[in-house]
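The values are calculated or read from the model by the stated rules, or taken from the named source; none is laboratory data. Small disclaimer: the values here were computed from a predicted structure and weren't measured. Heads up, the Cβs are rebuilt from the backbone with ideal geometry, glycines too, and the neighbour counts pull from every protein chain shown. Ligands, DNA and RNA are excluded from the accessible area calculation, which covers all protein heavy atoms including side chains. Shrake-Rupley method; radii C 1.70, N 1.55, O 1.52, S 1.80 Å.
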Amino acid sequence: MSRKSNKRNYNVDEQDVQKFVLKPESELRFEVDSKNRITIELTSGTAEVFGTELVRHRKYTFGPTVMKAIFTWQGCTITLTGRPEVVYVAKETPMVFYINVHAALEQMRQEAEFKDSKGPTVMLVGPIDVGKSTLCRLLLNYAVRLGKTPVFVDLDVGQGQISIPGTVGALIVERPADVEEGFSQQTPLVYHYGHKGPGDNLTFYNTVVTRLADSINSKIHLNKKVKSSGIIINTCGWVKNQGYQAITHAAFAFEVDVILVVDEEKLCFELHRDVPSFVQIIAVPKSGGTVERSKSVRAKTRDSRVQEYFYGLRTPLFPHVFDVKFSDIKIYRVENSQKKKLSVKLFPVEIGPSLLHHVLAVTFSNNVEEHPMLSNVAGYICVTGVNMEEELLTVLSPQPQPLPNSLLLFSDVQFIDST
Ligand SMILES: Nc1ncnc2c1ncn2[C@@H]1O[C@H](COP(=O)(O)OP(=O)(O)O)[C@@H](O)[C@H]1O
Ligand SMILES: [Mg+2]
């Protein structure tokens, strides 16, 4: 294994070209720091990034701050331009294990198609940074490449891949993830939660997960192909104590058939004890390429998700900035209620300077009595200015004014718009 580290500050440096010849079933792993970008070109053979095939002779750009791998089943040659922090070829990968998991799921999908029943509902669990999100992406991509259209559910409110942090969501995957940009986010189903970790309000988190599951379970029957393709659910890395309760809650809410436990044997044992015996629990090895991300990298990733939500990643989006009168909106936060009937309740938030940089959910309802926090949301805006004299909020919004509704939900998630 050759491992090269370059710590100097460079952007994509056209002079810095490295060629790699990969044998079958090996992968090129690289890490790009916060100041650099690299480009990758497949010059011969076939290769894929987490299940998405690379187009030969197309240049793909990665970075800043990414860790990825280019895997080849048949062998390939790759040209890398720029200065990655780390780059090496790995011969040991768990890809054969992963493709066997995919093959088993595919068989369940085919049976479901034949019987016109629901395909497998699969949940991935395990500690942080073991490759759960990556494996979700791989399994979704492999399903889509065989013409399936699975539902991707992301329950990770901190490092999720749908909408922005502080939400749970779902989308139907019809095309492989874009190598650079991930899955297309055209019409996701998004539920507001408003915090970066499930433990901040576990009651509400579990309530939202149940609502999302109910919504998907009622909708999935409307489309035969989606129904037989099944569901793949990503979770966060909180697997101890209450985190474990959140996992079992989600397993019951979604009525999962398969749980893939990445790199945590104890969790397999606990799940065997606590979920019905028809649920298949499979211990999955983690890839040696997964890299532990520091707290600051995780925070940066959250920021860039919000940035991406408003401004796009490679394909630019053009958000709108406008003023909203204090008197035209009402902002609520979700808190636990003492009453038994409904465990969460809306409490008014005073409009003032403390709202600066916070994101707010735009709901589909103007009526507190309709419990808008229990339905999907229209989208998010971000407060970029608070003018107390004129009683105006300046907001960044994906849609032009006016806001479709006056009722907004507060989120802990903040974004400093420096664009
Ligand atoms: N085979 C691999 N080679 C290099 N980096 C990888 C590989 N698999 C995953 N990664 C990277 O490792 C990090 C952690 O993986 P991720 O799937 O986000 O873990 P989790 O969802 O369990 O927290 C991510 O930055 C991901 O891109
Ligand atoms: Mg993840």
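Within the range 158-169, being more than 13 Å from ligand 1 (Cβ to nearest atom) and either acidic (D, E) or within 15 Å of Y205 (Cα to Cα) (or both) holds for P165, G166, T167, V168, G169.
Considering only the range 217-233, I want to know if a residue exists there that is within 16 Å of ligand 2 (Cβ to nearest atom) and either in contact (Cβ under 8 Å) with a residue 24 or more places away in the chain or out of contact with any Phe, Trp or Tyr (no Cβ under 9 Å at 6 or more places or on another chain) (or both). So far as the range 217-233 goes, yes, one or more of its residues are within 16 Å of ligand 2 (Cβ to nearest atom) and either in contact (Cβ under 8 Å) with a residue 24 or more places away in the chain or out of contact with any Phe, Trp or Tyr (no Cβ under 9 Å at 6 or more places or on another chain) (or both).
Taken over the range 358-375, residues that are touching a helix residue (DSSP H, G or I) at 6+ places or on another chain (Cβ under 9 Å) and open to solvent by 50 Å² or more (accessible area, probe 1.4 Å) amount to 2.
For L135, state whether it is among the aliphatic types (A, V, I, L, M), under 13 Å from the mean Cα position of the chain (by Cα), within 12 Å of ligand 1 (Cβ to nearest atom) and outside any strand (DSSP E or B). Yes. The set of residues in the range 277-302 being more than 30 Å from K91 (Cβ to Cβ), within 16 Å of ligand 1 (Cβ to nearest atom) and either surrounded by 15 or more Cβ atoms within 10 Å (Cβ to Cβ) or among the hydrophobic types (A, V, I, L, M, F, W, C) (or both) consists of A299, K300, R302.
Listed by position, the strands (runs of 3 or more DSSP E) enclosed by the range 12-118 that each have at least 2 residues that are within 16 Å of ligand 2 (Cβ to nearest atom) are 66-72. Scanning the range 99-139 for residues that are over 21 Å from I220 (Cβ atoms) and open to solvent by less than 20 Å² (accessible area, probe 1.4 Å) turns up V101, V125, G126, D129, V130, G131, K132, L135, L138. Residues in the range 376-404 that are aliphatic (A, V, I, L, M), surrounded by 14 or more Cβ atoms within 10 Å (Cβ to Cβ) and in contact with a Gly (Cβ under 9 Å, 6 or more places away or on another chain): 4 in all.
So for the range 100-113 (the condition being in contact (Cβ under 8 Å) with a residue 60 or more places away in the chain and within 11 Å of ligand 1 (Cβ to nearest atom)), does at least one residue qualify? No. Taking residues in the range 260-275 that are open to solvent by less than 10 Å² (accessible area, probe 1.4 Å), and partners anywhere that are among the basic types (K, R), the pairs with Cβ atoms closer than 6 Å and at least 6 places apart or on different chains are V262/K132; V262/K286. Among the candidates T187, T210, the residue that is open to solvent by 10 Å² or more (accessible area, probe 1.4 Å) and more than 29 Å from G51 (Cα to Cα) is uniquely T210.
Tallying residues that are without any contact (Cβ under 8 Å) to a residue 40 or more places away in the chain and acidic (D, E) within the range 297-329 yields 1.
Only strands (runs of 3 or more DSSP E) whose full extent lies in the range 275-341 are considered here, and the ones with at least 2 residues that are closer than 26 Å to L139 by Cα are 280-284.
Among the residues of the range 229-240, not a single one is assigned to a helix (DSSP H, G or I) and open to solvent by 60 Å² or more (accessible area, probe 1.4 Å).
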